[in-house]
């Protein structure tokens, strides 16, 4: 009888341990990229540009892009090409999965620490008092929405506020708006 009990205990232990390990694998650890893409390139079609996003760890990515953007602050506005860098935290992957929505290609909402640099010669239009030889750096936070469909078409909208540090133009505070539409050719998670 004790051998039968030992055998049953061992079998139950094996099945229980396997089930616990399966649940841990499914949930993932801090550094596992369960829903986030490890590498994602996007070619922007509106105002040609390029973006690269690197998945760092669970729900956090870093991105850099060279695309058009709109900077508006106390001293005026400028619209043109800018170099954007972001540290993004995606906060609603699980909610989107729960209601059967697409999360392919980092399709989710995020908050980000943001930096954008605008150079005078690369601007289409501005109303700043300058000699077209200026630079403005934006430091602040943005809220963004990114969606990628299964064929790879991607759009990204960001709205934020922060501090503008000017070189050749005055400093100030104000909003930032960034919109991109493009195509993501990299292989996406299923």
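Nothing in this text is a laboratory measurement; each read-out follows from the coordinates by a stated rule. Treat the numbers as computed from the prediction; the structure is a model and nothing was measured. Glycine also receives a Cβ, built like all others from the backbone with ideal geometry; neighbour counts cover every protein chain displayed.
Normalised radius of gyration (Cα atoms, divided by 2.2 N^0.38 Å) for the stretch 105-190: 1.33.
In this simple spin-label approximation, residue 45 and residue 95 carry label points 7 Å from Cα along the Cα→Cβ vector, and these lie 2.8 nm apart. In percent, rounded to a whole number, the relative contact order of the stretch 48-140 is 25, using alpha-carbon pairs under 8 Å and six or more apart. Max-minus-min Cα coordinates of the stretch 34-134 on each principal axis give 52, 26, 22 Å, with the largest extent listed first.
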